[in-house]
1. Just the number, please: carbon plus sulfur as a percent of the accessible area of the range 48-182, 1.4 Å probe, no ligands or DNA/RNA counted.
2. Provide Rg and Dmax in Å for the chain, with only Cα atoms included in the calculation.
3. Multiply the residue separation of Glu103 and Glu58 by 0.36 nm, subtract the distance between their alpha-carbon atoms, and state the gained length in nm to one decimal.
4. Could you work out how much longer the chain between Asp180 and Lys76 gets when fully extended? Use 0.36 nm per residue separation minus the Cα distance between them, nm to one decimal.
5. Which percent, to the nearest 5, of DSSP beta bridges fully inside the chain are antiparallel?
6. So with the 1.4 Å probe, I'd like the accessible area per residue for the chain, rounded to whole Å².
7. Would you mind computing, in nm to one decimal, how far apart the modelled labels at Ile218 and Gln48 are, each placed 7 Å from Cα along Cα→Cβ?
8. What full-extension length gain, to one decimal in nm, is calculated for Asp172 and Asn206 as 0.36 nm per residue of separation minus the Cα-Cα distance?
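The values are calculated or read from the model by the stated rules, or taken from the named source; none is laboratory data. Bear in mind the structure is a predicted one, so any value in this text is a computation, not a measurement. Glycine also receives a Cβ, built like all others from the backbone with ideal geometry; neighbour counts cover every protein chain displayed. Keep in mind that these areas ignore ligands, DNA and RNA; they rest on the heavy atoms of the full protein, side chains included. Shrake-Rupley method; radii C 1.70, N 1.55, O 1.52, S 1.80 Å.
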Amino acid sequence: MIVYEATKAEFIDSVFSGSITDEIYEIYQQKIGKSGKSQIMSWENSMQYMYRVLEDPEIPDDSGVAIEFTIPTTSKRIDFILTGLNQFHEDSVVIIELKQWVEAQKVEGKDGLVKTILGGGLRETTHPSYQVWSYASLIKNFNQTVDEDEIGLYPCAYLHNYDFTDADDLSDEIYKPYYDKAPLYGKRDALKLRNFIKKYIRHGDNSDILYRIDNGKIRPSRKLQDSLSSMLEGNKEFVMIDEQKIAYEMAIKMARESYLDDKKRVLII
């Protein structure tokens, strides 16, 4: 399900005229329900930054824009999607996770997790690159149209308020497997993000790809028995998102500690 859908030209006009937040919220109320003030303010803020990134004539006016796309089989939503064709006229989808973060800390001993201010306190959450990569993986695994039509998915994260340092925790080597798959962009990287988009979106599609994805068949998850042999070989067959990943890493950490000190621990999820 897509909350807001338009072409790039229509999106640019809506942001320029100051109506984009009202347009998103009106459809959001119809499809999902009321939203909190923080969500509305995030749209107001983030769409201004995306406006600046997309205001480039080399990004086609008729490329598709989607905001708040619900990921199949979950209640999670992707912040921003841009669709079009690459230089070989192949279907391409750029998936962008937008963050309001201004600081973050790395978390040792737990794969793909960081700490940042959420809900008024310092909390563990998934690294932005892991988050958007996992979202793209779920779409690939569960949306039959994406798989069968070989639609290319290219995730990235845009932390438009975040000023990356030379030795920033979010860029630490422990997160390299994820930011290699889904690049990170900060407040000084609008041009880099624009070039990332232009690498995959060369021609418009008039939102055709969005329509096909949104109306694509949702197939059931792969059967466990079909994945067991691959799992036993050490391959990761199932992608966890957000709270799943946090709970899993906590369980692994507690199991490791119990192995080392021979003490019992209980994790209630």
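1. Looking at the range 48-182 in its full context, I get 45 percent from C and S.
2. Values for the chain (Cα only, Rg and Dmax): 19.3, 63 Å.
3. So the extension gain works out to 13.0 nm.
4. 35.2 nm
5. Around 75 percent of the beta bridges assigned by DSSP in the chain are antiparallel ones.
6. With all protein chains present, the chain gives 53 Å² per residue.
7. So the label points at Ile218 and Gln48 sit 3.5 nm apart.
8. The span from Asp172 to Asn206 would gain 8.4 nm if fully extended.
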